[in-house]
Each structure stands twice: as C-alpha cells, then as structure tokens.
C-alpha cells in the first residue's frame, strides 16, 4: 500500500469510525494499565509475618492492640513516612478516614525520627490518627514492606488485603466494607 493510498483510506474514515478507533485504543491502554498496576501492586504488597507483633505502643506510649481492634471490625494499618513524598498525598486521606471513625485506623510511621520529631510533624500537618513510631523500620521489615505508602487490612487478627501506592478514600472504604462482609 502506498502512502497516498493510506492517506486516502484514513480520509475516508467517517467521524464515527474515528471515534470508535480512539475509544478502542483508550480502552486497550486502560486495560493494559490496570493489569500492570494490579500485578505490581500484588508483588509489592506487605506480607503478614508468621508471628506478627500486633500489640504495639503508639508514639505517646499508649497500647495499640491490632488483634482486638480487628475483632470488632476490619482495621486499616497504614505504613508511611514523614520523608515519603507520595505519603504527603495519601496521609490526608487516611486522616479523613480515621476522623470518620467508621473503621479503626492505625498508622505506622517508618523511620520518621524520634517521638518528638514525629509529634511535631503530626501537629504541623494536623493529623489526628493513631501512630506507632517504627524508628528503625523493624515492624515494616517484619511485614516485608517494600514501598511506602503501604496498607494492610486486618480482620480477626488476619490480613485480608494488602496494597500499595495512592489509594482514594472511596477505594479504602470499599475494601474495608468488603472485608467486613467476607
């Protein structure tokens, strides 16, 4: 086929065919994105340790029992860091979810400084969520965490879901609700 013939064929396409072609292309690339994103998210998600430490202390010295919280209803555990640029986008969402008080939310600040530095950061950002200070990153390592932000949903002391990256509020609420049903 010559270049002139190809140009004529393209010119003959009706607007409807052009739109259909664009829609097919967008759907194909969208599907490819979803498949790749899901695969990468699955690969990078935290993994529940064989003997997880679920009785923790927050940075203020208050006991946090993830097992007890997750027996009442699904509990979101959010791994993040004050140094994490993506977390600066996701933490306000977690703060909203925690403030709604529909589900327990416990955050684990990974290698984010001393308790005082963490408190200053939380105060500056007006974050009110329960936070455990994982100064050395041992808790995150125990969960085989690879990236921040990472999320774990616990139900009855067991992990039902793990995910990473930017998660919209509706997605987290949906996942928590689904964990409460199944």
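Taken together, the values in this text are just the output of simple stated rules run on the coordinates, not laboratory data. A quick note: this is a predicted structure, and the numbers were derived from the prediction, not measured. Neighbour counts are summed over all protein chains in view; Cβ atoms, including those assigned to glycine, are modelled from backbone coordinates with ideal geometry.
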> residue 41 versus residue 117, label points 7 Å from Cα toward the beta carbon: distance in nm?
Replying inline: 3.2 nm
> What residue among 39, 98, 68 has the largest mean-square fluctuation in a Gaussian network model of the chain, using Cα springs under 10 Å?
Replying inline: 39
> Of the residues 152, 64, 23, which exhibits the maximal mean-square fluctuation in a Gaussian network model of the chain defined by a 10 Å Cα contact cut-off?
Replying inline: 23
> Taking the mean number of other Cβ atoms within 10 Å as a proxy for protection, how do you rank 52-62, 136-146 from highest to lowest?
Replying inline: 136-146, 52-62
> Nearest 10 degrees, 0 to 90: what angle lies between the long axis of helix 115-125 and the longest principal axis of the chain (Cα atoms)?
Replying inline: 50 degrees
> Hey, if you drop one equal point scatterer on each alpha-carbon of the chain and run the Debye formula without solvent, what base-10 log of I(q)/I(0) do you get at q = 0.10, 0.11, 0.17, 0.20 Å⁻¹?
Replying inline: -0.47, -0.53, -1.06, -1.43
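Please tell me the relative contact order of the chain in percent, rounded to the nearest whole number, where contacts are Cα pairs under 8 Å and at least six residues apart. Could the numbers behind the result be given before it?
Values: 275 pairs, mean separation 50.9, N = 182.
So the answer I get is 28 percent.
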>> Compute the angle between helix 3-12 and the longest alpha-carbon principal axis of the chain, please, reported from 0 to 90 degrees and rounded to the nearest 10.
In response: 80 degrees
> At a Förster radius of 25 Å, what calculated FRET efficiency corresponds to the Cβ-Cβ distance of residue 55 and residue 170, to the nearest 0.05?
Replying inline: 0.20
> Where in segment 81-110 does the label zone of residue 33 land, with the point 7 angstrom along Cα→C-beta and an amide N cut-off under 15 Å?
Replying inline: none
>> Using only Cα atoms and rounding to the nearest 10 degrees, what angle (0 to 90) does helix 169-181 make with the longest principal axis of the chain?
In response: 70 degrees
> Among 159, 32, 48, which one moves the most in a GNM of the chain with springs linking Cα atoms closer than 10 Å?
Replying inline: 32
>> Starting from the 7 Å offset along Cα-to-Cβ, what nm value, one decimal, do you get for the label separation of residue 65 and residue 26?
In response: 5.2 nm
> Share of Cα-Cα pairs in segment 76-180 beyond 25 Å, in percent?
Replying inline: 13 percent
> If you count, for each residue, the other Cβ atoms within 10 Å and average over each peptide, how do 112-120, 71-79 line up from highest to lowest?
Replying inline: 71-79, 112-120
